1. Can you say whether Ala376 is closer than 27 Å to Ala253 by Cα and open to solvent by less than 10 Å² (accessible area, probe 1.4 Å), as far as the supplied structure shows?
2. Read through the list (1) over 17 Å from Leu488 (Cβ atoms); (2) buried (at least 18 other Cβ atoms within 10 Å of the Cβ), then give the number of the only condition that His568 fails.
3. For region 515-564, which positions are closer than 26 Å to Ala607 by Cβ, touching a Cys at 6+ places or on another chain (Cβ under 7 Å) and open to solvent by less than 70 Å² (accessible area, probe 1.4 Å)?
4. Between a residue in region 243-262 that is over 16 Å from Gln416 (Cα atoms) and any residue that is among the acidic types (Asp, Glu) and not in a helix (DSSP H, G or I), which pairs come within a Cβ distance under 9 Å, given they are 6 or more apart or on different chains?
5. If you scan region 205-214, which residues turn out to be in contact (Cβ under 8 Å) with a residue 12 or more places away in the chain, among the aliphatic types (A, V, I, L, M) and surrounded by fewer than 18 Cβ atoms within 10 Å (Cβ to Cβ)?
6. Restricting attention to region 221-245, which residues are closer than 18 Å to His203 by Cα and at pLDDT 75 or above?
7. Can you report the number of residues in region 34-58 which are part of a loop (DSSP other than H, G, I, E, B) and closer than 18 Å to Val95 by Cα?
8. Kindly provide the set of residues from region 59-82 that are in a loop (DSSP other than H, G, I, E, B) and either under 60 Å from the mean Cα position of the chain (by Cα) or at pLDDT below 80 (or both), ordered by number.
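The values are calculated or read from the model by the stated rules, or taken from the named source; none is laboratory data. Keep in mind the model is a prediction, meaning the values are calculated, not measured. Please note: Cβ atoms are built from the backbone with ideal geometry, for glycine as well, and neighbour counts cover all protein chains shown. Protein only, heavy atoms only, side chains kept; ligands, DNA and RNA dropped before computing areas. Shrake-Rupley method; radii C 1.70, N 1.55, O 1.52, S 1.80 Å.
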Amino acid sequence: MVSEEPEAGGEGTGGLPVLRHVLTGIALVEGDTYTLTDANASFAERAGPRVAPPGGPVPPGALRTALDRARRTGRTERVRLPATTRDEGDPHAPVVLLCLPLRPAQGPPPLLLLAEALPETGETDADETGGRPLDDDSLVLRYQALLSAVPQVVWTRGPDGRVTRLSGTGDAGRLALPLPEDGEDWLDAVHPKDREHFTREWHEATAAATHVTCVVRVRVGEDARAYRHLRLTAVPVARADGRQEWVGTVADAEGEWYASTRERLLARMAEVSTARDLSEAFRTTATVVVPALADSIAVFEVQGAAAPSALTARPAARVAFAPGLPPLPPLGEDFTLGHMADEVLRDREPRLVTFPAGAPPADKISPVSLAWLREAGATSLALLPVVVDGRIVALASAANCRGNPPPGEPELRLLQDVLQGLGRPLRRTLELQRARETALVLQRSFLPTVPDLAGAEIRARYVPANAAAEVGGDWYDATRLPGGAVALTIGDVAGHDLDAATAMGSVNSMLRGLAWDAGPRADPARTLDRLDGMVQGLGTASLITTVHALLCPDPGRGWHITLANAGHPPPLLLRAAGPVDCLGEEPDPPLCAPTREARSSTKLFLAKGDTLFLYTDGLVEIPEARITDRIAHLRARVESLHRDGRPLEALVRDVVAHVRAGKDDIAVIAFRATG
């Protein structure tokens, strides 16, 4: 540790090391008796024994009176020392002493004495009692600004590593400034998250003998967990003997840090405005605040006004961790956030609870969160509501871990600002999500329950687009026809919005009516031609791809199939024993296309155990991948599952789960002949 007590004068003292060789005479007096604890050579030459002996008190007189007044008023005083003759000892010219009161962290304020020689004319502009305070002297004002008039600590460090505080005010003045060569003592006061950065900055400056300035969190006061952002600045000073000293300041930087960090984080939050659902918005928010404001954050969607919902998406979509933290365990449907969360949701006010590392309170937190906080060595947990248009839409759970101190008031306030900044972009995201949910409900209402048939099995599956996209116009249909026949359809209306879902419902209804009216002996190609004319005449949709098939039973043998393909991905034919084939890899034009080419139908027979597999392009389309390659990949995957003897339900489920990687809806319907 470094003593903060300046030593009496001499070359080895710590009081004025960097000012020792300046031309201005400078001295330091301290204590109730105004002891002369340090003085440079210029001061000794100009003032000599007229002030006080080295290490001795200032005697009663005009100077002592001026020092009393300066300490009492906090203002600079001026005293004139007359010239001395040879009879009085070594002759000295007349000198003006400026008495500058400093502002220490505690105890009686020391005073800085500046000695300036007067002209031989004896000209003076102050009386001998120092009665007029000097307010307009530029030299005094410069020193006052440096040493006492600003809210900062001024310190020096000598070649031996000894650090001495010359002055200090405000919160910064309570700091110890141990900056030895190895930096160990100083690092004890620096926030753990800032130590690596500060150490690197300091050692680089020391090695290059250049100035250093950085903002770090430093422990202040008696609370071991209370930190404040301070700006540390230091510059090297070359001594006449070639050794290096440093002079520096420590100033409060809480406002500076807050403003710059807030601007930086809110700029990164601009990405939230492009999010298409809450999960994506929360994921972006989580990555913005970690690790700047917290070591981990999880954002949970809240349904209703009183309770958090079970997670419907993977937790990783809404959680961000600093490196080295354990993963969050799976959250089941019965997951809740605990009593502390209930209080936050009820009061709409954030809560912060701090605790010893790895010892969170069991009565406030859910069991799953409790176990994770223990494993992560957490020291705090903050719960903050996210409010949009007067409604709580989410709850943010932020923790500091691995023994790091809990967040201070500025960090917590900035975290609130970031979350409150979600309001405007989330309003748009919520509108998109509500539209998507409405379209999804509408779309699902149009998808029929597949019928039970004698001699056949039908299985269908619909999977909406993932969290980063909107709902589409995909559909499937299976309609009973007279004589035991069935019309099987798969289709896709262009678009990814509520209009597409509405158009899909209209197109599906029209096709069902046309199929029923035409009967089981109709030509699917002619049925699609009729549908095309109706859709274009009514302006129902802009573009439609579809496969429409009629399946007629042949009892004991299988099913006769006639199908037409209007611009849709080719169906797959899975033979009970044999390879998987693509049916019609060059389809006819889609519906609503400008061409008027005649459509054609394909006939085939489905024997017992054979399967017809229809799907939409969401199963095979991936940006920057050729559709033919993706269809070949799907064909190979289906063939592998088919050879394994999967039941039809499992086949449909596993194909969708394995292949789906795009951003579009998926509809699948499969028909298997069983007798």
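1. Details: closer than 27 Å to Ala253 by Cα: no; open to solvent by less than 10 Å² (accessible area, probe 1.4 Å): yes.
Against the criterion (closer than 27 Å to Ala253 by Cα and open to solvent by less than 10 Å² (accessible area, probe 1.4 Å)), Ala376 does not qualify.
2. (1)
3. If the condition is that a residue be closer than 26 Å to Ala607 by Cβ, touching a Cys at 6+ places or on another chain (Cβ under 7 Å) and open to solvent by less than 70 Å² (accessible area, probe 1.4 Å), then Pro520, Trp559 are the ones that fit.
4. Cβ pairs passing all conditions: none.
5. Ala209
6. Filtering region 221-245 for residues closer than 18 Å to His203 by Cα gives 231-238, 243-245.
If the condition is that a residue be closer than 18 Å to His203 by Cα and at pLDDT 75 or above, then Arg231, Leu232, Thr233, Ala234, Pro236 are the ones that fit.
7. First, pick out the residues of region 34-58 that are part of a loop (DSSP other than H, G, I, E, B): 34, 40, 51-56, 58.
Now drop any that are not closer than 18 Å to Val95 by Cα, which leaves 40, 51-53, 58.
Going through region 34-58 one residue at a time, the tally reaches 5.
8. From region 59-82, those in a loop (DSSP other than H, G, I, E, B) are 59-61, 74-76, 82; that's our starting set.
Scanning region 59-82 gives Gly74, Arg75, Thr76.
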